[in-house]
Amino acid sequence: MERCVAAAGGDVGMCQAIFPAHANHRGELSAGQLLKWMDATACLAAEKHAGVSCVTASMDDIQFEEAARVGQVITIKAKVNRAFNTSMEVGIKVTVQDILTNVEKIVSVAYATYVAKPVGAKKIELEPVQLLSTEDHLEHTLATERRRIRLGYEQLFQNLMQESNKEDTFKEEDAVSTDLTHVQSIELVQPPHANHHGNTFGGQIMAWMETVASISASRLCRSYPILKSVNMFKFWGPSVVGDRLVFNAIVNNTFQNSVEVGVRVEAYNCEEWIKGQARHINSAFLIFNAVNDKGELLTFPGVKPTTKDSVRRYHGAIARRRIRLARKCMLSAKEDKPSDPWERSNQAYVSYSNVAALTHLAAKQGWEITSMLEHIKIWTHEEGDVLSLKVEMQVKIPSHLAFSLLSDFTCRQQWDKHFLTCEVLQAVNEDEKIYYVTSPPMTGHKPRDFVILVSQRQPCKPSEPYVVAVKSVTLTSKPPSPEYCRSEILCAGFQIYSDSDSSCTVCYFNQMTSGVMPYLAANLTGSSNSIEDAALECIKFLEQKGSKC
């Protein structure tokens with residue numbers, strides 16, 4: 001089967017049969033080869049949208065979920081999710097199909113950032129992405145949230161480094177010196193290694209990095225390491241044909257069944273090579289595990305840093321691992337809450353999860369209308385044993401005022417009888433607050449209490465809504481009390497759309513838990529008007545407060 005590149009709409013796809021030349025000694029697709037294909041496909045998608053040459057700026061954390069083998073077919077699809085000023089987020093989905101069984105599995109879902117190259121002195125202004133489907137709208141919205149994480153990553157990492165430096169380490173007597181894992185490789189960039197811009201192909205650099213990192217990891221496991229994830233590739237600068245690329249890889253730390261290897265890439269042209277003047281063009285951290293002949297995970301020995309720089313890298317690996325675990329929690333199907341989501345390692349990811357959950361809920365297909373009043377519509381959505389509620393309200397105040405009033409949950413008890421008390425436990429930042437809420441008892445039960453995260457987002461452009469997302473979190477500083485029945489909000493919040501300078505549409509969403517099902521059921525059967533009453537009180541509150549602003 002020949003490799004082919006197909007384009008449809010805003011998507012670019014690549015389909016490739018895996019041959020022995022693409023595989024490692026186990027007959028599995030080489031991770032380096034896969035990274036080359038991913039980068040090439042994503043770059044084509046970026047250039048299709050931009051209409052000019054594009055270069056790889058970074059690739060977010062990559063998780064490899066499945067191995068692809070010789071004889072199977074790998075499919076890579078890429079599309080631009082959102083265009084910012086001169087950069088774009090490109091979503092990449094990799095699947096593998098077994099031809100004999102026709103079974104298809106997801107290998108990886110990743111996000112990369114590409115930058116449009118200016119043509120001469122002309123400034124590049126990227127066109128907005130055309131959103132053709134519900135999925136397009138969803139990814140377009142969440143791209144902004146992912147960008148917030150990228151921009152805040154360095155500060156988050158530095159905060160965690162301060163915490164990691166306080167911990168006692170290096171106590172294992174038989175720990176291996178990290179110096180023994182150092183591997184250096186030098187590559188001369190030749191024409192086949194260059195892309196169509198004349199620069200070294202980013203995917204080729206990734207592949208070389210994977211090779212040298214794998215050798216470094218093998219110094220510890222005495223086996224053939226398997227790449228499981230990459231902690232963000234960052235391209236700091238270009239290199240061209242004729243450059244010498246020096247790859248330095250070393251194990252930073254080990255964690256029972258995994259090892260983190262750091263790779264730094266420096267480039268030299270002929271003059272720089274003689275003078276020893278390096279250009280730092282790339283860095284990445286690759287995480288490997290290893291298995292024995294039975295497929296059982298091997299345990300890596302502990303490592304011992306011996307220099308000031310290796311101590312820094314040792315603690316940096318701990319900080320990055322905490323971020324990876326937070327991301328894994330965010331992406332898990334069950335949305336399990338860690339013991340304390342608001343330690344610094346989790347803040348950005350729980351916030352993303354909060355906004356993403358509401359965005360996904362609002363975008364679901366199959367909402368059914370159950371009630372219509374003059375300014376209120378009530379919708380429900382059933383999926384398995386989960387019942388969700390949507391209340392749409394027409395309000396005669398500007399959208400920004402409604403957003404300001406609904407973002408402050410200490411005002412909630414003024415219109416919502418289900419809020420008895422509400423206090424701010426923690427102002428995480430200007431867009432996130434954690435509240436403690438108490439609620440009156442339902443018949444025959446204790447009063448309920450909640451610890452909730454409220455994340456507020458302003459729209460990036462007029463057609464997008466204001467967002468106030470709500471979900472329960474766990475704080476060790478606020479444990480359950482015997483006086484209350486600790487309850488949970490899976491997903492709730494508001495989306496506020498501007499209709500005119502003086503009116504807006506407020507949509508309230510709530511994904512129902514078992515504790516509030518009886519209340520909702522009573523309302524839908526007509527024995528209670530609680531939802532309509534709360535909506536009317538909300539409209540009244542907003543219009544009265546809004547008229548005074």
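The values are calculated or read from the model by the stated rules, or taken from the named source; none is laboratory data. Here the structure is a predicted model, which is why all the values come from computation and not from measurement. We place every Cβ from the backbone using ideal geometry, glycine too, and count neighbours over all the protein chains shown. For the accessible areas, the whole protein counts, side chains as well, though only heavy atoms, and no ligand, DNA or RNA atoms are used. Shrake-Rupley method; radii C 1.70, N 1.55, O 1.52, S 1.80 Å.
At-a-glance table
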item: DSSP-defined beta bridges in the chain - what % are antiparallel, rounded to 5; result: 95
item: Under 5 Å, built H, 5+ apart or other chain: amide partners of Arg448; result: Ser439, Cys485
item: Over 21 Å (Cα to Cα) - which of Lys79/Lys123; Lys77/Lys105; Lys364/Lys471; Lys93/Lys461; Lys234/Lys275; Lys77/Lys117 fall in this group; result: Lys79/Lys123; Lys93/Lys461; Lys234/Lys275; Lys77/Lys117
item: Restricting segment 89-147 to GluC sites (Glu not before Pro) in coil, as DSSP defines it, with at most 16 other Cβ within 10 Å; result: Glu125
item: Backbone HN-Hα couplings from phi across segment 425-436 [Karplus 6.51/-1.76/1.60, Hz, Gly and Pro as x]; result: 8, 7, 8, 5, 7, 5, 10, 9, 9, 10, 10, 10
item: Förster radius 35 Å - calculated FRET efficiency between Lys105 and Arg486, Cβ distance, rounded to 0.05; result: 0.35
item: All lysines inside 17 Å of Lys540 as judged from Cα atoms, apart from same-chain residues fewer than 8 positions distant; result: Lys377, Lys396, Lys417, Lys548
item: Qualifying GluC sites (Glu not before Pro) for segment 389-488 [loop in DSSP, other Cβ within 10 Å: at most 11]; result: Glu430, Glu483
item: Per residue, in Å², the accessible surface of the chain once ligands and nucleic acids are set aside, probe 1.4 Å; result: 48
item: Net charge contributed by nearby residues that have their C-beta within less than 10 Å of Phe201 (K/R +1, D/E -1); result: 0
item: Mean residue ellipticity (222 nm) of the chain, computed from DSSP H runs ≥ 4 via -39,500 (n - 2.57), nearest 500; result: -9500 deg cm²/dmol
item: Virtual spin-label span in nm between His418 and Lys117, 7 Å along Cα→Cβ; result: 5.6
item: Cβ-defined net charge surrounding Ile376, 13 Å radius [Lys, Arg +1; Asp, Glu -1]; result: -2
item: 11 Å reach of a label modelled at Ser463, 7 Å along Cα-to-Cβ, counting backbone N of segment 124-153; result: 128-133, 137
item: Carbon plus sulfur fraction of accessible area for the chain, probe 1.4 Å, in percent; result: 51
item: Extension gain (nm, one decimal) between His280 and His400, 0.36 nm per residue minus Cα-Cα; result: 38.7 nm
item: Residues whose placed amide H lies under 5 Å from that of Cys491, excluding near-sequence neighbours; result: Gln511
item: Gain upon complete extension [Asn159, Glu374; 0.36 nm per residue less C-alpha separation]; result: 72.3 nm
item: Sequence-separation-based contact order of segment 184-254, relative, with Cα cut under 8 Å and 6+ spacing, percent; result: 56
item: Histogram of C-alpha separations across segment 151-264, 10 Å bin width, %; result: 11, 35, 33, 17, 4, 0
item: Calculated log₁₀ intensity ratio I(q)/I(0) where the Debye formula runs over C-alpha points of segment 25-100, q = 0.12, 0.19, 0.21, 0.22 Å⁻¹; result: -0.38, -0.82, -0.94, -1.00
item: Residue-span extension gain [Ser223 to Asn429] - 0.36 nm each, minus C-alpha spacing; result: 69.6 nm
item: Around Thr505: net Lys/Arg minus Asp/Glu count, Cβ-Cβ under 9 Å; result: -2
item: Cross-link partners of Lys36 among aspartates and glutamates (Cα-Cα below 12 Å; sequence separation of 8 or more within a chain); result: Glu210
item: Degrees, to the nearest 10: 134-165 long Cα axis against longest axis of the chain; result: 70
